[in-house]
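Asker: The structure follows.
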Amino acid sequence: MDSNLRVKPVPTLQSKTVEMLRKYINSTYPLGEKIPGEHELAMTLGVNRGTVRSALSILEREGLIIRRRGDGTYTNPHVLGIKTRLEDLVEYK
């Protein structure tokens with residue numbers, strides 16, 4: 001079968017949002033600082049709140065942020081302070 005016929009994966013809006021938020025958080029907010037709410041992030045990124053909420057859930061599972069119900073979302077100083085991450089050392093296929 002011709003390899004040109006293969007379907008190429010396209011990044012989803014959610015995965016693009018996760019990457020944008022990861023870069024935004026790492027470059028803008030110091031360790032332990034509160035980040036903007038879902039509404040503000042959605043307006044800044046030009047996506048809906050549900051997409052931002054899903055992306056934040058992924059970042060929370062990764063440990064990049066800490067979400068406190070009724071208080072807000074904060075950068076996780078324990079994770080952001082790590083200079084060497086496993087994925088930088090090991091190539092996954």
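Asker: Over region 12-64, one equal point on each Cα, no solvent: what is log10 I(q)/I(0) by the Debye formula at q = 0.14 Å⁻¹?
Answerer: Result of the Debye calculation: -0.30.
Asker: Expected output is a single nm value to one decimal: the length gained when fully extending between Glu60 and Ser27, i.e. 0.36 nm times separation in residues minus the C-alpha distance. What is it?
Answerer: That pair, Glu60 and Ser27, stretches by 10.1 nm at full extension.
Asker: Under the 0.36 nm per residue contour assumption, what length would be gained going from the current alpha-carbon distance of Asn4 and Lys34 to full extension? Kindly include the intermediate steps, with their values, before the conclusion.
Answerer: Numbers: separation 30, 0.36 × 30 = 10.80 nm, distance 4.66 nm.
Answer, rounded to one decimal: 6.1 nm.
Asker: Next question, about the same structure. Rank these residues by their accessible area, most exposed first, probe 1.4 Å: Glu33, Glu38.
Answerer: On the way: Glu33 75, Glu38 30 Å².
Listed by decreasing accessible area, they come as Glu33, Glu38.
The values are calculated or read from the model by the stated rules, or taken from the named source; none is laboratory data. These numbers come from a predicted model, not from an experiment. Ligands, DNA and RNA are excluded from the accessible area calculation, which covers all protein heavy atoms including side chains. Shrake-Rupley method; radii C 1.70, N 1.55, O 1.52, S 1.80 Å.
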